[in-house]
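**Student:** I have a structure I would like to understand better, so I am pasting it below and will then ask my questions one at a time.
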Amino acid sequence: MPLGPWLHRLHGWLLHFLGRDGAAYAAYQEAFRHAPAAATAACLGYLATRQERLEEAEAWYASSASLAPERGEHHFNLGYVRDRLGRPRQAIAAFDVALGLNPQLDRAWYGKGLAHATLGEHEAAATALEKAVELQPINGIAYYHLGMAYHHAGRHQESERIARRLAAFEPRLARQLMRDGEHPQLLSLVAHLEA
């Protein structure tokens, strides 16, 4: 008697949990073949991404977004993999759809900020990253990228403010921002953090 789609999906989940990604992928594919579902497509996209099969992951994430267009997370996944594929403009479009559905999706603001930075659109990057750190106030990596967006936009005082803010909870990233952002006036703070 053939397994139902939900059993194939459960089998895929268990295999994935056990670290058998290849077998999990096959089980998810079988589940999707029997009953196409957004969650199954997202699992296939995730596994393809982990294995750096990004074109394949994009197809699965596009499928999950098509099957559940009301779920911002699926559009975020599509934006993420498109950014990884070096298509930041398409990534921003997917992040915008995700944010239109769920404006509290902090990782979509973050991804959008990084994609704008890749394009050299530093003011737009700063705007998106400001929202990301507002939603995730202790995300040191997001603060670092916000500081760099300010720096590249010529907003040096704001970049320095971010470096000082980072120093309170992520000294390593604060030091990196001070170096990368070329803040010579903060060298004494760097020395203090490294002591």
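**Student:** If a residue must be assigned to a helix (DSSP H, G or I) and more than 14 Å from the chain's Cα centre (by Cα), how many such residues does the stretch 67-78 contain? Please lay out each step first, then the result.
**Tutor:** As a first pass, look at the stretch 67-78 and keep what is assigned to a helix (DSSP H, G or I): 67, 72-78.
After this cut, where a residue has to be more than 14 Å from the chain's Cα centre (by Cα) as well, the list is 67.
So the count comes out to 1.
**Student:** Would you point out which residue out of Leu78, Leu129, Leu85 is surrounded by fewer than 23 Cβ atoms within 10 Å (Cβ to Cβ) and not acidic (Asp, Glu)?
**Tutor:** Values: Leu78 fails: surrounded by fewer than 23 Cβ atoms within 10 Å (Cβ to Cβ); Leu129 fails: surrounded by fewer than 23 Cβ atoms within 10 Å (Cβ to Cβ).
Just a single option satisfies the conditions, and that option is Leu85.
**Student:** Here's another thing I want to ask about it. Suppose we filter Ala39, Ala27, Ala48 for residues that are surrounded by fewer than 21 Cβ atoms within 10 Å (Cβ to Cβ), in a helix (DSSP H, G or I) and not acidic (Asp, Glu); which single one remains?
**Tutor:** On the way: Ala27 fails: surrounded by fewer than 21 Cβ atoms within 10 Å (Cβ to Cβ); Ala48 fails: surrounded by fewer than 21 Cβ atoms within 10 Å (Cβ to Cβ).
Among Ala39, Ala27, Ala48, only Ala39 is surrounded by fewer than 21 Cβ atoms within 10 Å (Cβ to Cβ), in a helix (DSSP H, G or I) and not acidic (Asp, Glu).
**Student:** Report yes if Pro103 is at pLDDT below 85 and touching a helix residue (DSSP H, G or I) at 6+ places or on another chain (Cβ under 9 Å), otherwise no. Can you show your working first?
**Tutor:** Values: at pLDDT below 85: no; touching a helix residue (DSSP H, G or I) at 6+ places or on another chain (Cβ under 9 Å): yes.
Answer is no for this residue.
**Student:** Something else: For a quick check of your reading: which helices (runs of 4 or more DSSP H) sit entirely within the stretch 79-192 and have at least 3 residues that are more than 18 Å from the chain's Cα centre (by Cα)? Reasoning before the result, please.
**Tutor:** Details: elements: 88-101, 106-118, 122-135, 140-152, 156-169, 171-180.
Correct list: 140-152, 156-169, 171-180.
**Student:** I need every pair where a residue in the stretch 33-62 that is of a type in the set (A, V, I, L, M) has its Cβ under 6 Å from the Cβ of a residue that is not in a helix (DSSP H, G or I), sequence separation at least 6 or different chains.
**Tutor:** Final answer for the pair search is Ala38/Ala68; Leu54/Leu85.
Each row is one residue, and each column tells you yes or no for (1) in the same structural domain as Arg71 (by TED's automatic domain parsing); (2) touching a residue at least 40 places away in the same chain (Cβ under 8 Å); (3) out of contact with any helix residue (DSSP H, G or I) (no Cβ under 6 Å at 6 or more places or on another chain); (4) aromatic (Phe, Trp, Tyr).
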| position | (1), (2), (3), (4) |
| --- | --- |
| Ala93 | yes, no, yes, no |
| Ala125 | no, no, no, no |
| Glu134 | no, no, yes, no |
| Ile141 | no, no, yes, no |
| Leu146 | no, no, no, no |
| Leu166 | no, no, no, no |
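**Student:** Across the stretch 113-149, what is the total count of residues that are among the acidic types (Asp, Glu) and over 24 Å from Phe169 (Cα atoms)? Explain how you work it out, then say what you get.
**Tutor:** Within the stretch 113-149, the subset among the acidic types (Asp, Glu) is 121, 123, 130, 134.
Filter again for over 24 Å from Phe169 (Cα atoms), leaving 121, 123.
Matching residues across the stretch 113-149 total 2.
**Student:** Also, I was wondering about something else. Among the residues of the stretch 88-105, which ones are closer than 23 Å to Pro137 by Cβ and surrounded by 18 or more Cβ atoms within 10 Å (Cβ to Cβ)?
**Tutor:** Phe95, Ala98, Leu99, Leu105
**Student:** Just name the residue that is modelled with the highest pLDDT out of those in the stretch 177-195 that are crowded, with 17+ Cβ neighbours inside 10 Å and more than 17 Å from Leu114 (Cα to Cα). Break it down into steps so the answer makes sense when it comes.
**Tutor:** Going through the stretch 177-195, the residues crowded, with 17+ Cβ neighbours inside 10 Å turn out to be 177-178, 181, 183, 186, 189-190.
Pick out the ones that are also more than 17 Å from Leu114 (Cα to Cα) and you get 178, 183, 186, 189-190.
Details: Met178: 80, His183: 62, Leu186: 55, Leu189: 53, Val190: 51.
Restricting to residues being crowded, with 17+ Cβ neighbours inside 10 Å and more than 17 Å from Leu114 (Cα to Cα), the top hit is Met178.
The values are calculated or read from the model by the stated rules, or taken from the named source; none is laboratory data. Computed from a prediction, not measured in an experiment: that's the story for all the values here. Cβ atoms come from the backbone with ideal geometry, glycine included; neighbour counts cover every protein chain shown.
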